[in-house]
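Only the coordinates and a few stated rules stand behind these numbers; no lab work does. Source: prediction; values computed, not measured. Cβ atoms come from the backbone with ideal geometry, glycine included; neighbour counts cover every protein chain shown.
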Amino acid sequence: MKKRVLLSFFAFQQNLIKCELKIHLEFILVAKDIQEVSTFVSKKYPLSCLSTTGVERHKSLN
């Protein structure tokens, strides 16, 4: 009986490790996506373009 419980616990532990690994990998992918979007936005819209003074200046030109 003890052997069966230990094997069951070991299987549970292995599944838990697999789930933790999947969560960690998903987190890495999400962080990478955020970084790519941030890089894209910063290249397409320079910081000076996104500042409030730049927006106000743009509005006054129109």
* Using the Karplus curve 6.51 cos²θ - 1.76 cosθ + 1.60 with θ = phi - 60°, work out ³J(HN,Hα) for each residue of region 6-21 in order, rounded to whole Hz, and write x for Gly and Pro. => 5, 5, 5, 5, 4, 5, 4, 4, 5, 5, 5, 4, 4, 5, 4, 5
* Asked: Distance in nm between label sites at residue 29 and residue 13, each 7 Å beyond Cα in the beta-carbon direction?
  -> 2.9
* Asked: Simple spin-label model, 7 Å along Cα-to-Cβ: residue 41 to residue 21 in nm?
  -> 3.4
